[in-house]
Number of protein chains: 2
Amino acid sequence: MSLLVVGSVALDTVETPFGKAEECLGGSATYFSTAASFYTPVKLVAVVGEDFPQHHLDFLRGRQVDLAGLQVASGNTFRWSGYYEYDLSTAHTRDTQLNVFASFHPVLPEGYGSCPFVFLANIDPDLQMEVLRQVNRPKLVALDTMNFWIENKRESLTRAISMVDLVVMNESEAREFGGSPSLIKAARRILSLGPRYLVIKKGEDGAVMITTNGYSVAPAYPLEDVRDPTGAGDTFAGGLMGYLALCGEPSMSNLRMGMVHGSVLASFAVEDFSLERLKTLTHDQLRGRVEEVKSFNCFVEE
Amino acid sequence: MSLLVVGSVALDTVETPFGKAEECLGGSATYFSTAASFYTPVKLVAVVGEDFPQHHLDFLRGRQVDLAGLQVASGNTFRWSGYYEYDLSTAHTRDTQLNVFASFHPVLPEGYGSCPFVFLANIDPDLQMEVLRQVNRPKLVALDTMNFWIENKRESLTRAISMVDLVVMNESEAREFGGSPSLIKAARRILSLGPRYLVIKKGEDGAVMITTNGYSVAPAYPLEDVRDPTGAGDTFAGGLMGYLALCGEPSMSNLRMGMVHGSVLASFAVEDFSLERLKTLTHDQLRGRVEEVKSFNCFVEE
């Protein structure tokens, strides 16, 4: 089934202790679409400037990403520049140039409104709600966010969250938004706003899904070498939502397996800068790691 | 099968944002023995002073803990005083009084040397090696340690680690001792010293076991309220080793299930100060949480 994502397409300049990439392909919708494209065709709604390199568009089209909703505005593409310290846990921003993103309003092309699976990547919650006004009873709507919106647009974000089925946040964001150092208490408060599922990303500790009466754990795939964690969360979400769209139903077991697929895809994404590793990833490699993660379970006899 | 632990018995004064306990029962060997006693009789080797309250001894005896190896030395019992901040993640020491522990040398009573399962709780690695010289080819020897020994007795600790089968460390200790921010790289270096199994405790992210060719994940049981994390790691180890001693063989599947039991026991321990929650814990409650943790697995259909 078709999957719609609304988010950012960017040109990133990223430095980690293991290298540097300048003006490389980035953005939440880009990572999401590429990850999801392993499972299903994706419709992408975002904006780029006139300076956006043609070969990036060719790459996305080659991954079956429908770009009918990608606006090309006069001006420059959104740019982010940042670096990571040796522990790779936190992105430090050097520079953000919103450029054409500053005046972006998502417009869904004809037919997009009936997409059964919708992902609102990390953008202004007011824009996320603009998207919701253009869709027609999807099977599942998921939303990601970040500390910037929690701190600066809490009211809008709260409203947006009350309108979706699934919220994806990282651990510190969930604690901050939920207002408790206890992750479980914070989660209960977020779920009380309306969503049925809360997925919390924990980086190298994997991800957990919390519902009003359930708890699921997707372990992270252990890596010796991480080169660039940029986009790991969006890649995770792309794997999760792509898998759900492939299955067609957001059942609990599909959501759980989707978390495993998202986690495995993210483990590949961080092995290299930008989308380099996802570009060479094969379905066999993906399936191999999913099987490995299955073997991590302590209740399975070896 | 019988299980031997050598470690500390202490009187703790602990303050957390949720309360305070003064001069309460503590110490690595105490938490370990109490946890392990849910599975198997335990032989405890440690030292207390003449001031050690009789009712604590009665409690341990009531849990089938053999105290023949508990020395009573003239002087005061080892005391630790500390506090936790709101996030409960790090213990801050206010005061440590070694007292009788300063001149402690473990002496194994007649018959203890043939124990098939041995746990060297967090004490000076030179003392851990003194124990190893008194045991006769156990089935499994495990060792715990802490940053103090990594920083001040690295050479002794390295030797002790090379002599055991299983090492238990928390995440930051493994990175520090293994000398890499990559947990997997650090783990490989630790395993290269000789142990077959490395178990890394991750607090509210559970525990992982790393071997030269395997990886296992035991999720933590999610808690809304943690009152006092003191002793969580020793309780985890007690559950793991107690379960192994009950099963009789340190097979991979027993080690894995042992991690789950350790993790569940630790989740009870932190619900109250000192050993209060473990004192009232029933086998039914323990089994119930183990079954719940089983249901967290994303590969299981609900």
* Looking only at the range B:224-239, and only at residues there that are in contact with a strand residue (DSSP E or B) (Cβ under 7 Å, 6 or more places away or on another chain) and surrounded by 24 or more Cβ atoms within 10 Å (Cβ to Cβ), the one that is nearest to A:Ala186 (Cα to Cα) -> B:Asp228
* Structure fact -> Here the qualifying pairs (Cβ atoms under 6 Å; residues six or more apart or on different chains; first in the range A:260-282 and touching a residue at least 24 places away in the same chain (Cβ under 8 Å) and away from chain B (no Cβ under 14 Å); second among the small types (Gly, Ala, Ser) and not in a helix (DSSP H, G or I)) come out as A:Ala269/A:Gly231; A:Phe273/A:Ala21; A:Ser274/A:Ala21
* So which residues in the range B:212-222 are facing chain A (nearest Cβ under 7 Å) and of a type in the set (Val, Ile, Thr), if there are any at all? -> B:Val217
* Structure fact -> In the set B:Ala68, B:Ala121, the lone residue that is surrounded by fewer than 14 Cβ atoms within 10 Å (Cβ to Cβ) and aliphatic (A, V, I, L, M) is B:Ala68
* Asked: Just wondering, is there one or more residues in the range B:244-257 that are under 25 Å from B:Glu23 (Cα atoms) and out of contact with any strand residue (DSSP E or B) (no Cβ under 6 Å at 6 or more places or on another chain)?
  -> no
* Residue ID - surrounded by the most Cβ atoms within 10 Å (Cβ to Cβ), chosen from residues in the range A:244-258 that are more than 8 Å from chain B (Cβ to nearest Cβ) and in contact (Cβ under 8 Å) with a residue 12 or more places away in the chain -> A:Leu244
* Taking the range B:3-36 only, how many residues are out of contact with any strand residue (DSSP E or B) (no Cβ under 6 Å at 6 or more places or on another chain) and either over 23 Å from B:Asp126 (Cβ atoms) or without any contact (Cβ under 8 Å) to a residue 12 or more places away in the chain (or both)? -> 7
* Answer yes or no: is there a residue in the range A:246-260 that is over 23 Å from A:Val5 (Cα atoms), outside any helix (DSSP H, G or I) and acidic (Asp, Glu). => no
* Among the residues of the range B:193-206 satisfying the criterion of being assigned to a loop (DSSP other than H, G, I, E, B) and surrounded by fewer than 24 Cβ atoms within 10 Å (Cβ to Cβ), which is nearest to the other protein chains (Cβ to nearest Cβ)? -> B:Lys202
* **Extreme residue, nearest to the other protein chains (Cβ to nearest Cβ), among residues of the range B:172-183 that are assigned to a helix (DSSP H, G or I) and surrounded by 18 or more Cβ atoms within 10 Å (Cβ to Cβ)** => B:Leu183
* Check B:Val100, B:Val45 and return the single one that is in contact (Cβ under 8 Å) with a residue 40 or more places away in the chain, in a helix (DSSP H, G or I), of a type in the set (Val, Ile, Thr) and surrounded by 15 or more Cβ atoms within 10 Å (Cβ to Cβ). => B:Val100
* Looking at B:Met241, B:Met169, B:Met209, which is the one that is within 26 Å of A:Val300 (Cα to Cα), within 14 Å of chain A (Cβ to nearest Cβ), at pLDDT 95 or above and not in a loop (DSSP other than H, G, I, E, B)? -> B:Met209
* **Near pairs, Cβ below 9 angstrom, 6+ apart or cross-chain, from the range A:70-86 (within 14 Å of chain B (Cβ to nearest Cβ)) to any residue that is of a type in the set (Asp, Glu) and part of a loop (DSSP other than H, G, I, E, B)** => A:Tyr84/A:Asp228
* Asked: Can we say A:Asp225 is more than 12 Å from every other protein chain (Cβ to nearest Cβ), among the charged types (D, E, K, R) and either in a helix (DSSP H, G or I) or in contact (Cβ under 8 Å) with a residue 40 or more places away in the chain (or both)?
  -> no
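The values are calculated or read from the model by the stated rules, or taken from the named source; none is laboratory data. A quick note: this is a predicted structure, and the numbers were derived from the prediction, not measured. Don't worry about glycine lacking a Cβ; one is built from the backbone with ideal geometry, like all the others, and counts go over all protein chains shown.
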